[in-house]
Every structure is written in structure tokens, then in C-alpha cells.
Amino acid sequence: MKKILIVAMLCMALVATMAPAAAAADTNYAQCMAAIQEQKTIQAQAHKTATTLRKKGYKDSSAYVQAAKSTWNEAQAAIQGYQKLAKYTDEDIRILTTTVFHEAGHTTEQLRQYVAQVVLNRVKDSRFPSTVKAVITQPGQYATKYADASTTQSVKSKDAANGTYYYAMCENAVKTAMMGQVNMPSNVLYQANFSQGKGVWKSVSFNSGWYSSTSYFCYG
């Protein structure tokens, strides 16, 4: 009996030490699940509102019922986005955010989103590695240092020292892409300041007044 109690206590201790690590590893997943639940609550309220309106004699074509439907549909679109985002780990987000920062951090939201989407397109393309980290660290492509936690910390420290929010803006662009909200063909696989691959999908110019560039997003 004593041995059983000791084993049980050891198991409880192991679970207790593992739980924080698991929670930390699944932060993005947990946040996405919470966001999905919030959107489902919104949907339930919209459905209830529409049902009440119909009982009061309002037709589906009325502006009030249409507004409830629109709210439900918007929540559904958000749910689908969070479901896609939940498939990525905190590490995926960190590495891609750090990459976007170095490639387009000080430019525009459009450019940041496009850079992120090219990486995600590569992850899904059989000609490239199948993970964010492997795509970023592939020889001759981006830069191995982008995957290092120390590089990310350096970016965050500079933001804190300068009172800027470039890392946060890059993370927002990354999550937008991961949620499937960036309008880019899946076969756009190259991004650089010159044309390559099978032709240019779109070129985007940027001029801050002291720095200017043109980025070419090309088919693979």
C-alpha cells in the first residue's frame, strides 16, 4: 500500500511539473480555442435574435434579421480563421514573425503579410520543406539566425528600447496570413528585390523618405 501511495505521489508531481510546460507550449492553441468559443457565443446570440425577430413577424429580408445573419456569418469566418491559426505552434509564429521583421518589418502591413504568405506557401509546396522552421533555415534561402530565440529577443529588446511596436506589427501580419486572410495565389513562392521564378505576380514599392525599395513576389 505504501509503495502504491509513493508511486501515485510521484505521478502527481510529474503531472504538476509537466502541466506548465504543456500550457506554455500550447499558448497559441489555447488562445485560438478561447477565441473560437467567443465567436460561438456571438453566433448563439445572433441566432437567438433572429429567431425572436421572426416570431415577432419580421421577414428574413428585413434589415434586422439580415443584420443578425451578417453577425453570424462574420463569426463563422472568424472561427474558420482561428481553426487554421490553431494548427501552428508558438515556435512557428515566433520564427516567422522574426523573419518578417528582418525582411519587411519597417515597411507596410501589406508587405509584411506578403512576406509571411510566401513562407506559408512554401510550407505547403512539395518542392520545399514542410515546416516553417525548415523553410526559413533552408540553405541559400532566408537566414538560419531567424530561427534563433536570441535573434527574436534582440528584436524585442530594440523595440522596447526605442518605444516601437514593429515586432507586434509583424506578428499581426503573420497571424493574418496563418488565418488564411492574405489574398495571394498558392504558387507565389519567391520574394526578393528582383524578379525570379516563373514571372512576377505583383511588385510592391516602398519609400519611407530615407529608404526605398521594390519587392517582387513571383510564381514558382
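The values are calculated or read from the model by the stated rules, or taken from the named source; none is laboratory data. Everything numeric in this text was worked out from a predicted model, so none of it was measured. Ideal geometry is used to build each Cβ from the backbone, glycine not excepted, and the neighbour counts take in all protein chains shown. Side chains included, ligands, DNA and RNA excluded: accessible areas come from the protein's heavy atoms. Shrake-Rupley method; radii C 1.70, N 1.55, O 1.52, S 1.80 Å.
Within the listed set Ser150, Ser61, Ser70, the Gaussian network model of the chain (springs between alpha-carbon atoms below 10 Å) gives the highest mean-square fluctuation for Ser61. As a calculated quantity, the FRET efficiency between Val204 and Gln141 at R0 = 30 Å, using C-beta atoms, amounts to about 0.90. As a fraction of the 1.4 Å probe accessible area of segment 141-211, surface on carbon and sulfur atoms comes out at 46 percent. Shown here: Cα Rg over 2.2 N^0.38 Å, derived from the displayed model; of the candidates [x] 1.33; [y] 1.10; [z] 1.04, it corresponds to [x]. For the chain, modelled as a GNM whose springs connect Cα atoms under 10 angstrom apart, the maximal fluctuation among Gly180, Gly105, Gly209 occurs at Gly209.
Do any of Lys175/Lys198; Lys145/Lys198; Lys124/Lys156; Lys124/Lys202 go past 25 Å between their Cα atoms, and which? As for pairs spanning more than 25 Å Cα to Cα, those are Lys175/Lys198; Lys145/Lys198; Lys124/Lys156. With contacts taken as Cα pairs under 8 Å and at least 6 residues apart, the chain reaches a relative contact order of 17 percent.
A straight Cα-to-Cα reach below 22 Å connects Lys59 with the lysines Lys48, Lys69, residues fewer than 8 places away in its own chain not being considered. If you run the Gaussian network model on the chain, springs between alpha carbon atoms under 10 Å, then out of Asp26, Asp60, Asp92 the most flexible one is Asp60. Taking the Cα centre of each part, how many Å lie between segment 148-220 and segment 38-91? Going from one Cα centre to the other spans 32 Å. Pairwise Cα separations in segment 35-150 fall into 5 Å bins from 0 onward with the following percentages, short to long: 2, 11, 15, 14, 12, 9, 8, 8, 8, 6, 4, 2, 1, 0. Element breakdown for segment 59-129 at a 1.4 angstrom probe: carbon and sulfur atoms account for 50% of the accessible area.
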